[in-house]
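S.K.: Here's a structure for you.
The values are calculated or read from the model by the stated rules, or taken from the named source; none is laboratory data. None of these values were measured; they are calculated from a predicted model. Cβ coordinates were reconstructed from backbone atoms using ideal geometry, including for glycine residues, and neighbour counts include every protein chain displayed.
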Amino acid sequence: MLNQVLADEVNVGYEHLSNTSVVSVNGVCPRNMRHFVELCENATGILEVKTSDAYIAAFDVKQAREANRRILIRYHIGSDRSIDLQPARPVASNRRPRTAATRRRRARSA
C-alpha cells in the first residue's frame, strides 16, 4: 500500500499518489513488504512502480537513493523502514579473541 509520497525534487509530479496499492516494481509483483524492499534495493537504472489505479511512477535509482536521506531529514523521519525490514547486522560477540598467552594458560591449568 502506498499511503503518501513525501514531496521532493526527485519525485515532482507524484505528490498526488496516495492510498493506492503497488501492483509491480520493474514488472515484478511484490509478494510482501520484504519482497517489495528487496526489489527496490536491487533495482538499477530506472525504478518503475505501477499502482492499482494503473499509474506508473518512474524514478532514477541513483537520484532516489541520494534523495532518501534528505527526505528523511526534511520530514523528521528516523528510518525509511521498520526494524523488521532493516538489513541483518552481524551479532557482536562478547568473547575476546584468544591470544597465544591465553591458550598457554589454559593448557597448563588443564
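S.K.: Which of the residues spanning segment 1-10 are without any contact (Cβ under 8 Å) to a residue 40 or more places away in the chain and farther than 19 Å from residue 66 by Cβ?
M.R.: Within segment 1-10, 1, 3, 4 meet the criteria.
S.K.: Can you tell me which residue within segment 11-65, out of those that are in contact (Cβ under 8 Å) with a residue 12 or more places away in the chain and of a type in the set (Asp, Glu), is nearest to residue 1 (Cα to Cα)?
M.R.: 53
S.K.: Would you check if residue 47 is surrounded by 14 or more Cβ atoms within 10 Å (Cβ to Cβ), in a helix (DSSP H, G or I) and modelled with pLDDT of 95 or more?
M.R.: On the way: surrounded by 14 or more Cβ atoms within 10 Å (Cβ to Cβ): yes; in a helix (DSSP H, G or I): no; modelled with pLDDT of 95 or more: yes.
It is false that residue 47 is surrounded by 14 or more Cβ atoms within 10 Å (Cβ to Cβ), in a helix (DSSP H, G or I) and modelled with pLDDT of 95 or more.
S.K.: Going residue by residue through segment 24-31, is there one that turns out to be of a type outside the set (Gly, Ala, Ser), exposed (fewer than 11 other Cβ atoms within 10 Å of the Cβ) and modelled with pLDDT of 95 or more?
M.R.: Yes; the residues of segment 24-31 include at least one that is of a type outside the set (Gly, Ala, Ser), exposed (fewer than 11 other Cβ atoms within 10 Å of the Cβ) and modelled with pLDDT of 95 or more.
S.K.: Tell me, yes or no, whether segment 72-91 has at least one residue that is of a type in the set (S, T, N, Q), farther than 18 Å from residue 10 by Cβ and modelled with pLDDT under 90. If you could, list the steps in order and put the result at the bottom.
M.R.: From segment 72-91, those of a type in the set (S, T, N, Q) are 79, 82, 86; that's our starting set.
Within this subset, residues satisfying the condition of being farther than 18 Å from residue 10 by Cβ are 79, 82, 86.
Filter once more, so that each one left must be modelled with pLDDT under 90: 86.
Yes, segment 72-91 contains at least one residue that is of a type in the set (S, T, N, Q), farther than 18 Å from residue 10 by Cβ and modelled with pLDDT under 90.
S.K.: Restricting segment 11-26 to residues that are polar (S, T, N, Q) and in a loop (DSSP other than H, G, I, E, B), which is nearest to the chain's Cα centre (by Cα)?
M.R.: So the residue we want is 26.
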